[in-house]
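Okay, so here's the structure we're looking at.
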Amino acid sequence: MSGFLQATVYGLLQGGLLALVAVGFSLVWGVMNVVNLAHGGFVILGAYVGWEMHEWFGLDPFLGMFVSAAVLFVFGYVLQRFLINLVINGPIFITLLLTFGLDLMIVQGMNLVFSADYRSIKTSYASNSLAFGSVRVPLGRLLAFALAVAITVLLVAVVNRTRTGLSILATGMDRGAARLMGIRARHVYALTFGIAAGLAGMAGAMIGTVGTFNPSAAASFTLMSFVVAVLGGLGNMYGALVGGLVIGLVQAWGGQYLPGTWVNALAFLVLIVVLIFRPTGLVGRAFYAARQEV
Amino acid sequence: MSTLTKMPQQGLISTLRGDRAKRLGPWALGLVALLAALGLQGQLYSGQERTVATIFMFVALAQAWNLIGGFAGYASFGQVVFFGVGGYFTAVAMSHWHFSFWMSLLLSGFVAALFAVIIGIPLLRLKGHYFAIATLGVAEGMREVVTNLTDLTGGGAGITVPTVGNNATTAYLGNDGFYLLFLGLAVLSVIVGGLVARNKFGYALRAINQDEDAAAALGINTTRMKVLTFALSGFITGLVGASYAFQQVTIFPERLFDVDITVLMIIMVVIGGSGTVLGPLLGAVALQFLSEFLRQNFTNLHTFILGAIIIVAVVLLPQGAVNYMREARRTKEFSLLANVRKYRL
């Protein structure tokens, strides 16, 4: 029983982090219909920025993550504005390939600069743990979880309540109409992509604090973003949060009770089952799942 | 023909069916290319022979992807699953069940095709990114399944096909043999592509690509067409995977279900020109050649440069080289900058 409780707590904590990883991915997919294969690369890049900040300036990773977010935001904005916007109206595999090319460059670039060694941002407190009865909760993970959930909720509020956020939503619903209303679609797309990259970078810095990372971990974060975004569904900003928590739990329980590495297949099983039986996701809107490619 | 030539709509009919020379020209060119490939073999030393065999392998893979992704427009992002299923079926059949390679090869094709039908029926109802991601999920999931079926597949430690001694069911083909085998698969895939392109089947697929509802309204059984195409594409990919497994002798799940292989197929098709027969052929040869050149000359930077090339190619020629040339010849508009404007926001 205590094993189950421990797994549940761990799953929820991990799920919160996954939600922050995937929320930007889901936003970009929903608004621009771009599946960003470089998303995992952004996450790891953010982890390295956080690592550098800690290494050179002694900046605490929970402050350094804001630097990661800023760097990645600028990077993402420029990428979308001057590169991805060039092919945004093409068939879907064009954007898939473009972002895959980006991913190759980012991951290989990180390999060249930082080497393939595993790293971790070390702090004095992150591995201390609190004990609640028989359940132990590492402090770093708890902090990361709380921040991840808070930032996701903040993003939802910004998108749903500010003019900028509403212009992002409007552009996602009907770009032509949005442009007629005076919304600068190029800027809005770049902004959306920048926000997504920034949040990925922030999540990366947290991941670097609670565990280890190296450049080739990027692919698994891209895949997890897929799974979380699909499971949660597009068109509802809380989708990534719901999807992340569910996947976190499923993986933690799977790891506890399944033999071998069967747990790795579990996430994909969930993905396929959701796609077949409920393509709108758990809380998504049908509009996005039924949308034809433009 | 004799009665038709006298009729006034002769012009129309000949455009529809194509002149005999126009119809047979590409096949003749293909024959010349085949003879050249056979002649080339004698000129290569064995390392080069292996490199060229890999180019043939990717020609076959790109052609197979083009059937489902190019003609039908369903971006299968998990195509490598058929490669892996074919490869693992052959490895298991040869080492556990003592089948000969040729028997395993053929069966691998059918097993991969059957697998395509099983996953195709539910997944081909999805569209666009959802189909892409679902197939990717199948491929990644299958890799984990194969990794965990350790008794049958050896798991992460890999499985070795017996090639020497009493357990060897078929003698190892060697570089010469594999050159011919992969050339044969490339030829098969190009022939299949060529037949589909000129056939009613191919027109049905293009109709599905352009507007699936309209295609259904025209009386095309879209589900059956899509599943058949997926199976055909899976069949060829399975054959290639089986041959690859025998060539490598020892295979591992990470390599046989490597998502990079899928992406390479797609890039080759897209850069060459999707929905054409020449496009995937040119794309596979060009990209594999370039990749090998980069690997040998810029060992560390090779993936980085490859990424940059993919980006530039996708931005400048989003519709692929062959489609661009056809369009440019028709409209006399050769500017690449004008081409970039097409998909720009």
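Applying 1/(1 + (r/R0)^6) with R0 = 30 Å to the Cβ-Cβ distance of A:Phe132 and A:Leu166 gives a FRET efficiency near 0.15.
Calculated FRET efficiency, B:Tyr203 to B:Leu38, Cβ-Cβ distance, R0 = 35 Å: about 0.60 to the nearest 0.05. Computed from backbone phi with θ = phi - 60° and the Karplus coefficients 6.51, -1.76 and 1.60, the 3J(HN,Hα) list for the stretch B:26-36 is x, 5, 5, 4, x, 4, 4, 4, 4, 4, 4 Hz; x is used for glycine and proline. Within 10 Å, at most 16 other Cβ atoms, and a DSSP state outside H, G, I, E, B define an exposed site. Report the longest part of chain B free of exposed trypsin sites (Lys or Arg not before Pro). After excluding every exposed loop site, the longest remaining stretch is B:199-331. Adding -39500 (n - 2.57) for every DSSP H run of four residues or longer, then dividing by how many residues chain A holds, sets the calculated 222 nm ellipticity at -24500 deg cm²/dmol. Per residue of peptide A:4-13, the mean number of Cβ atoms on other chains within 10 Å of the residue Cβ is 0. Taking label positions 7 Å along the Cα-Cβ direction at both B:Met103 and B:Thr299, the computed distance is 4.4 nm, reported to one decimal.
Applying both filters, DSSP loop and at most 14 other Cβ atoms within 10 Å, to the chymotrypsin sites (Phe, Trp or Tyr not before Pro) of the stretch B:103-143 eliminates every site.
Scoring B:68-75, A:22-29, A:127-134 by mean Cβ neighbours within 10 Å over their residues and listing the highest first yields A:22-29, B:68-75, A:127-134. For chain B, adding -39500 (n - 2.57) for each run of n ≥ 4 DSSP H residues and dividing by the number of residues yields -24000 deg cm²/dmol at 222 nm. Stretching the chain fully between A:Tyr257 and A:Ser2 yields a gain of 90.5 nm (0.36 nm per residue, less the alpha carbon separation). Using a Gaussian network model of chain A in which every pair of alpha carbons under 10 angstrom is joined by a spring, one finds that among A:Tyr118, A:Tyr77, A:Tyr48 the greatest mean-square fluctuation is at A:Tyr118. Residues A:Phe277, B:Phe99, A:Phe57, arranged from fewest to most other Cβ atoms within 10 angstrom of their Cβ, appear as A:Phe277, A:Phe57, B:Phe99. The slack in the chain from B:Leu152 to B:Leu31, taken as 0.36 nm per residue of separation less the alpha-carbon distance, amounts to 39.4 nm. Computed over the Cα atoms of the stretch B:33-300, pair by distinct pair, the Kirkwood hydrodynamic radius stands at 18.7 angstrom. The distance linking the stretch B:60-78 with the stretch B:194-242 is 10 Å (Cα centroid to Cα centroid, whole angstrom). Please label the shape of the stretch B:100-246 as rounded, prolate or oblate, based on the square roots a ≥ b ≥ c of the eigenvalues of the alpha-carbon gyration tensor (a/c under 1.5 means rounded; beyond that, a/b larger than b/c means prolate, else oblate). Cα axes put the stretch B:100-246 in the oblate bin. Backbone amide hydrogens, once placed in the peptide plane, bring B:Ile159 within less than 5 Å of B:Ile251, excluding anything fewer than 5 places away on its chain. Exposure proxy shown here: for B:His302, B:His96, B:His129, A:His39, the number of other Cβ atoms within 10 Å sets the order, fewest to most, as B:His96, B:His302, B:His129, A:His39. Listed by chain and number, the lysines placed with their C-alpha closer than 25 angstrom to that of B:Lys22 are B:Lys6, B:Lys200, B:Lys332; residues fewer than eight positions away on the same chain are left out. Listed by chain and number, the aspartates and glutamates placed with their C-alpha closer than 18 angstrom to that of B:Lys226 are B:Asp211, B:Glu212, B:Asp213; residues fewer than eight positions away on the same chain are left out. Among B:Val322, B:Val269, B:Val145, the residue with the largest mean-square fluctuation in a Gaussian network model of chain B, with springs joining Cα atoms closer than 10 Å, is B:Val145. Averaged over its residues, how many other protein chain Cβ atoms are within 10 Å of peptide A:262-274's Cβ atoms? Counting Cβ atoms of other protein chains within 10 Å of each residue's Cβ and averaging gives 5.
Here the Karplus relation 6.51 cos²θ - 1.76 cosθ + 1.60, evaluated at θ = phi - 60°, turns the backbone of the stretch B:155-172 into coupling constants of x, x, 6, x, 10, 10, 7, x, 10, 10, x, 5, 7, 5, 8, 9, 4, 4 Hz, with x for every Gly and Pro. Got a sec? Which residues in the stretch A:188-225 would a label at A:Leu282 touch, if it sits 7 Å along Cα→Cβ and we count backbone N under 17 Å? The answer is A:224-225. Centroid-to-centroid, using Cα positions, the stretch A:145-171 and the stretch B:116-170 are 40 Å apart. Remark: mean inter-chain Cβ contacts per residue of B:261-268 equal 2, using a 10 Å Cβ-Cβ cutoff to other protein chain atoms.
Taken together, the values in this text are just the output of simple stated rules run on the coordinates, not laboratory data. Because the structure is a prediction, the values reported are computed rather than measured. Counting neighbours? That spans all protein chains shown, and the Cβs are built from the backbone with ideal geometry, glycine included.
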